[in-house]
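Remarks on the structure that follows.
The values are calculated or read from the model by the stated rules, or taken from the named source; none is laboratory data. These numbers come from a predicted model, not from an experiment. Here the Cβ positions follow ideal geometry from the backbone for every residue, glycine too, while neighbour counts run over all protein chains shown. Heads up: the accessible areas ignore ligands, DNA and RNA and are worked out on the full protein's heavy atoms, side chains in. Shrake-Rupley method; radii C 1.70, N 1.55, O 1.52, S 1.80 Å.
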Amino acid sequence: MLRTFPAILLAALLCPPSWQAQPTDQFDVVIQNGRVMDGSGNPWIRADLGITGGLIVAIGRLPGAHGAHVIDAKDRLVTPGFIDVHSHAAEGLVRAPLRQGQPMIAQGVTTIVANPDGGGDVDLARQRTQLESGGLGPNVALLIGHGSVREAVMGRANRAPAADELERMRTLVRRGMEQGAFGLSSGLFYTPGSYATTEEVIELTRIAAERGGLYTSHIRDEGSYSIGVVAAVEEVIRIAEEGRTIGIVSHVKALGPDSWGLAHAITERIDRARARGVQVFTDQYAYEASSTSLGAALLPDGIAKPTVEQMHDPDSLVGDERVVFNTAERVATENLRRRGGAAAILFAHYRPDPAREGKSLEQVAAASGRTPVREALEMIARGGASIVSFNMSEDDITHLMRQPYTMTSSDGGLVLMTEGKPHPRNYGAFARKLALYVRERGTLTLEEAIRSMTSLPAAVFGMHDRGAIRVGAAADIAIFDPAKIVDTATYTDPHHLAEGMFAVLVNGQPVLEDGKFTAALPGKVLRKGP
């Protein structure tokens, strides 16, 4: 007999929604009086959370709940912990003073995705041991890097792999996936990834896809260096389509004045691909400046670099040395123009002379009496420098940020507060997006921004137990007042933690509480599941 509509309605009223599990009396942790925003894009709802064994086991009105540890959210927002899908922090997390990852925790980041841009260890079991041996603040998800795999098999050879070499590369990618990688990363702008053809990357992406892995790429050209940013995005789309998996355009941007305005062309290509069924996504950090090495910015692969001796008196060089210098100077001059000129280059780290850190190439060249290009070539000859490069248009940033497939990332690292003047994204990427682009400018709603930091990256990377506040999910939680969250790191004074985060839990353990760090190291190295 069919049930009548009133009967169905009555059953719905009597049964709590699936996300409201019935409370038990005792939990490990109880979070009370919060405005719970579950990460899906839905508005917040008042609820308490019960956490046991590192998992969320109850959500809703829990008036009789008791906890070994009780956190009063005091009407603050309670969200899933943030997932940074493009992070260089793994290198720092193995250093004892940095293991808690405080710059990330202070923003609400509870999971990072490591080994981007084709880099990282090719032995992920070894890397896992190194990360877990001393404890971790945040969780870490690993990628297997195409550039590292290629270099392990072929060195830095600028050629296509032989059949046996390609098979060895397949074997390393397959092993990485078996060791828990979430996918394959590439850095096709950098050596040796830049030497690979699209077909080579497709072959290795297919291996990652066998175990559900995705493909994420620092694309071959973010501006106008070679094939152009639009063609480079189209390459990611092709690799995702033919590799039969998800493709991600890492830290998406239109780099340099020549490319400003191309954000619309980028999203048009992605929209077309998605319309025909290709899984393409992007991630983005909310800054107008990028960061890379001075050498990568000005002298791409295949251009010989002048030596220190040659830079002593370049005008006196003759023969082959003169040809080398003239070529380097010409290429560097054009690439400096592409990036907006000497005033747009800020030095983040320069070991031979730390006094240059925080100054622009224009300022340093003026003090030395050299042209900016010759000063840059001298610095490259002495070992190079890391730079912050102001090369993006706010209109492009805003357009790319508003796309429903754009995740949030930092592209940041993790260093001691005495080390250089790194990009402020190390300390503020997530806080800046919430403070500037949500609260001040209204570029996104709060719900949209939280989704881009939580459920969207969890869905894309297949982290099925994270990125959402629901019964059964891992208790990675951020608690904060959206009116107070703010980034305090600047380009010239970057070593400052974000402010406004009240509490952060990783796997159910408070790492930050009442605005203060605990001693907990509850993070895990995650494994890609089925």
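Here are a few things to note about the model shown:
- Its Cα centre serving as origin, segment 211-319 has a Cβ charge dipole (Lys and Arg +1, Asp and Glu -1) of approximately 680 debye.
- Scalar couplings 3J(HN,Hα) for segment 453-465, obtained by applying the Karplus form with A = 6.51, B = -1.76, C = 1.60 to θ = phi - 60°, are 9, 10, 5, 5, x, 4, 5, 5, 8, x, 8, 5, 9 Hz; x denotes Gly and Pro.
- Rg(Cα)/(2.2 N^0.38 Å) for segment 199-350, N = residue count: 1.27
- Solvent exposure of the chain amounts to 39 Å² per residue of accessible area, where only protein heavy atoms count and the probe is 1.4 Å.
- The convex hull built on the alpha-carbon positions of the chain has an orientation-averaged projected area of 27.5 nm².
- Local electrostatic count, TYR427, Cβ distance below 15 Å [Lys/Arg +1, Asp/Glu -1]: -2
- Distant alpha-carbon pairs in segment 72-112 (separation over 17 angstrom), percent: 38 percent
- Calculated FRET efficiency for the pair GLU268/HIS496, C-beta based, R₀ 45 Å, to 0.05: 0.70
- For segment 121-174, applying the loop criterion from DSSP together with a ceiling of 13 other beta carbons within 10 Å to the trypsin sites (Lys or Arg not before Pro) yields ARG156, ARG159.
- Among the GluC sites (Glu not before Pro) within segment 114-210, those in coil by DSSP and having at most 15 neighbouring Cβ atoms inside 10 Å are GLU210.
- Carbon plus sulfur fraction of accessible area for the chain, probe 1.4 Å, in percent: 53 percent
- Its relative contact order, with pairs defined as Cα atoms under 8 Å and 6+ residues apart, puts segment 374-530 at 18 percent.
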